[in-house]
Amino acid sequence: MKFKKYKILFISPFNDKTWQSEFNRPTLIAGLSVIAFSFIASLSLILLSIPIVKEYLQITAINNEIKQQKEIIDNIDKTLEDIGVMKSYIESIITSDDKDIIPDNNIRFMVTDNIPSTKPASGIISKEFDLNILHFGIDIVNDESTPIFAVANGVVIYSDFSRELGNGVVIDHQNGYYSHYYHNEENFVKKNEKIDEGMLIAKLGNTGVSTGPHLHFEIWKDGQPIDPFTFFPDFSKKSDKFEEDSNE
């Protein structure tokens, strides 16, 4: 089978020389395919090498794990509801003096105790929440080893190290809220550990991809990031400090 040939004329930008080459259709298609594949592969490598894209992919992977853990916890909650029904039945047949032997806090967390209300750490906000640049939390600057506290009751669903985020902790507060703590110097809690509000969970550090000691802190609700400043409006911002210094 004879293929139609295509001629391509090349003109040198440095002199008046020109030359041409002939390609048949299969060769031309193969060449263009190789060029297109090389371009897409190079573009993918460039995008994956950008730190903010890597951080986004890392957080996405953690959130996928959170969803899986939530399904497990939902099943546990259903079991706890059944236990609650049984508890009510037992309370109905025992005397009022004996009811204290079945404390409520051993059945489930109180929802009001699981809303973020304790500051995760002391310090100044150096970088604010900004969805436009995929910065899903706030950066709290302070000295290394500054204590980091749980913002509410919950269960640890992630406590590990990653190259981008360093030592990190994620707590499920069991009411749709999740809190994230990254770049820690050291984690003090383990996965599946029950956490009380205000409990020491880590030390502020400079691990992972970080330009200095700080806590990257996030709050998520029903799969969506929320500005932590909404819960802690009394945090000082770096911009506020600069304004105070300029007024002195």
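In what order do PHE136, PHE39 fall by count of nearby beta-carbon atoms within 10 Å, going from fewest to most?
Least crowded to most crowded, the residues run PHE39, PHE136.
Give the peptides 162-169, 205-212, 60-67 in descending order of average Cβ contacts within 10 Å, highest first.
162-169, 205-212, 60-67
If you take the C-alpha gyration tensor of segment 119-185, multiply each eigenvalue by 5 and take the square root, what semi-axes do you get, largest first, in whole Å? Walk me through the intermediate numbers first.
Details: eigenvalues 67, 47, 37 Å².
That gives 18, 15, 14 Å for the three semi-axes.
Could you list ASP160, ASP143 so that the one with the fewest beta carbons within 10 Å of its beta carbon is first and the one with the most is last?
ASP143, ASP160
Work out Dmax and Rg for segment 156-215 from the C-alpha atoms and quote the Rg first, both in angstrom.
Here Rg and the maximum Cα pair distance are 11.2, 34 Å.
What are the ³J(HN,Hα) values, in whole Hz, obtained from phi via the Karplus relation 6.51 cos²θ - 1.76 cosθ + 1.60 with θ = phi - 60°, for each residue of segment 219-229 in sequence order, with x given for Gly and Pro?
10, 10, 9, 6, x, 10, x, 10, 5, x, 4
Using amide H atoms built 1.01 Å from N in the peptide plane, name the residues 5+ places from HIS135, or on other chains, whose amide H lies under 5 Å from its own.
Residues meeting the amide H criterion: ASP130.
Each value in this text was obtained by applying a stated rule to the coordinates, not by laboratory testing. Predicted model, so just to flag it, every value in this text is computed and none were measured. Positions of Cβ are backbone-derived with ideal geometry, glycine not excepted, and every protein chain shown enters the neighbour counts.
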